[in-house]
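First up is the structure itself, then whatever we jot down about it.
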Amino acid sequence: MLLQETRNKAGFLVMRTIAAIATPPGRGGIGIVRMSGPMSLDILKKIFKTKKEIKPRFMHYGHIAYDDKIIDEVMACYFKGPYSYTTENMVEIYCHGGYVSTLYIYEILLKEGAVQADAGEFTKLAFLNGRIDLLEAEAVSGIIDAQNKEEQVLYTNVLGGSLSEKIDALASELLSLIAECEAKIDYPELGNVDDMKARVDEIYLAIENLLDDQNRSSFIREGIKTAIIGRPNVGKSSLLNAITNKDRAIVTEIPGTTRDTIEEFINYEGLYLHLIDTAGIRHTSEVVESIGIELSKKSAREADIVIVVIDGSHKISDEDREILKSVEDKNKIIFINKADKGTSADLEEIKKYSDNIVVGSIKKDQGIREIMSLIKKIFTIDVDASFTSIFNLRHRQALEAAKDELVQAKNDMDFMPFEIVEVSLRMALDDLYSILGKNYDEDLIDRVFQDFCVGK
């Protein structure tokens, strides 16, 4: 079969009409099979039997028929380029959900000349054809993989272009500075160096704010890393089980039962937590337990917040004090457990380590809600239609690189020719453009889209 040729807006030769199943496999109310490319409409007309002429952006009722057999009763919609997701001609077929029907229709499309889409190829085409930038394309994947409503809102805001606008604005400021540099090369008397330095500082500060926003958004995307630490047998695993409402960790009266870290992710009233139950910290010569204790200390160091569990039925021990001192610079909550047995721990002494103290009993279901309320108080994250943030390592590295170039440019303004200053500013501009995908190589594009769903 002769393949039709065309070129996208980026100048790439398009000879493929791609097809993929866009819905997850298995039983469901509806299944979606989609195509994009120059042959999409021709293939649809060959296999789709309907009484009316197929018009763009109309939902049409009919049947998929092949080899004189009715395959399924479907709805179909044709999107004429450039008014489609990929900006190419696109077709979507909505059939009965289930493995057989969607696969059958998909196989027919391949027989008629379509080829299997690569992972993320529909979104990749949207990027290459200029419909969305690379940042917005990555947000599509983020929406699909979102684990909570707040994360969904964040990625939706990015897809809407709010973050791209911020980075574009910074790029425009840099372009203006570069133009001023070029003017000073030819006419040194033009422009004020102090004013130029101030503008560099403003751009630098704006980038810093974007990086700070990522620190906030990481709690939304990755969960607030919450380490539960303490001596053996004080109730750490019981606390994890109580918060998650399931028996995830083994609970016994034998000290040192937990030898490794146990991790759970929960969404508690909009608070996304990455919980880590750790091995009990104590002095021991037992090799395996010692390894677990070192992992506990590492988890505490890397955590966003630490819950220190203390057995309140006994006086505070030297090991308790060592643990509290080891996390004195961390956000922390001290949970005085086993209050049902009476409280012997000196609360006044414990208050020296933190004001965030909860007295309760896991056995009696006391104190859990108070702990969660304190975490919410410490990590207040407001996510609304205006909140936006960079969200992966690629963005952070590009912004950090841009900061370094801005520092270099500002320093060079005092003693270097403005040709050198301009080089640093252009490199900073390239760093910002790389986030949006305005300058890219094929390896970068392949890395971005390799983890996408095939049908997206």
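Stretching Glu370 away from Glu419 to a fully extended chain increases their span by 11.6 nm, per 0.36 nm per residue minus the current alpha-carbon distance.
Per-residue 3J(HN,Hα) values for region 357-364, derived from phi via the Karplus relation 6.51 cos²θ - 1.76 cosθ + 1.60 with θ = phi - 60°, read 10, 10, 9, x, 8, 5, 4, 9 Hz in sequence order (x marks Gly and Pro).
Since only Asn129, Ile323, Tyr83 are under comparison, the one whose Cα sits farthest along the positive direction of the charge dipole of the chain, derived from C-beta charges on Lys, Arg, Asp and Glu, is Tyr83. Simple point charges give the picture: +1 on the Cβ of Lys and Arg, -1 on the Cβ of Asp and Glu, and for the chain a dipole about the Cα centre of about 2160 debye. Of all lysines in the structure, those lying under 16 Å Cα to Cα from Lys225, and not within fewer than 8 positions of it along the same chain, are Lys236, Lys297, Lys298, Lys330, Lys332, Lys376, Lys377.
Shown for region 6-133: lysine pairs separated by 8 or more places, or found on different chains, whose C-alpha atoms are under 15 Å apart, numbering 8.
Approximating the spin labels as points 7 Å out from Cα along Cα→Cβ, the Asp42-to-Val407 distance works out to 5.8 nm. Net charge in the neighbourhood of Tyr204 (other residues with Cβ under 12 Å of its Cβ; Lys, Arg +1, Asp, Glu -1) is -3. For the chain, the C-alpha radius of gyration divided by 2.2 N^0.38 Å, with N the number of residues, is 1.30.
Calculation over all alpha carbon pairs of region 45-113 in 10 angstrom steps from 0 returns a P(r) of 20, 52, 27, 1 percent. Within the shell of other residues whose beta carbon sits under 15 angstrom from the beta carbon of Asp340, the net charge comes to +2, with Lys and Arg scored +1 and Asp and Glu -1. Neighbour counts of C-beta atoms inside 10 Å place Thr261, Thr278 in the sequence Thr261, Thr278, starting with the fewest. Near Ile71, the amide H atoms lying under 5 Å from its own belong to Ile64, Ala65, Tyr66; only residues 5 or more places off or on other chains count, and H is placed 1.01 Å from N. In a simple Cβ point-charge model (Lys, Arg +1; Asp, Glu -1; nothing else charged), region 6-133 has a dipole of about 380 debye relative to its Cα centre.
Under the combined filter of DSSP loop state and at most 12 neighbouring Cβ atoms within 10 Å, region 13-50 retains these trypsin sites (Lys or Arg not before Pro): Arg27.
In the chain, the DSSP beta bridges split such that about 60 percent are antiparallel, to the nearest 5. The peptide list 212-220, 309-317, put in order of mean Cβ contacts within 10 Å with the highest first, becomes 309-317, 212-220. With the convex hull drawn around the C-alpha atoms of region 6-133, the volume per residue stands at 100 Å³. What the phi angles of region 92-104 give under the Karplus curve with 6.51, -1.76 and 1.60, with θ = phi - 60°, is a coupling list of 10, 10, 10, 10, 5, x, x, 5, 5, 4, 5, 5, 4 Hz, glycine and proline written as x. Averaged over residues, the count of other Cβ atoms within 10 Å places the peptides 223-231, 153-161 in the sequence 223-231, 153-161, highest first. Taking the charge dipole of region 148-437 about its Cα centre, with +1 at Lys and Arg Cβ atoms and -1 at Asp and Glu Cβ atoms, the residue from Ala206, Ile362, Tyr155 reaching farthest to the positive side is Ile362. Annotation: amide H of Gly367 within the under-5 Å range of Ser361, sequence separation 5 or more or interchain, hydrogens built in the peptide plane. Helical runs (DSSP H, four residues minimum) scored at -39500 (n - 2.57) apiece and divided by the length of the chain put the mean residue ellipticity at 222 nm at -14000 deg cm²/dmol.
Projected over every direction and averaged, the convex hull enclosing the alpha-carbon atoms of region 372-456 yields 10.0 nm².
Think of each Lys and Arg Cβ as +1 and each Asp and Glu Cβ as -1; about the Cα centre, that makes the dipole of region 59-201 roughly 360 debye. Each Cα pair under 8 Å and six or more residues apart adds its sequence gap; the mean of these over the residue count of region 148-437 is a relative contact order of 22 percent.
Read-outs throughout are calculated quantities, based only on the coordinates presented, and are distinct from any laboratory measurement. Not measured: the values here are computed from a predicted model. Every residue, glycine as well, gets a Cβ built from its backbone with ideal geometry; the counts of neighbours run over all protein chains shown.
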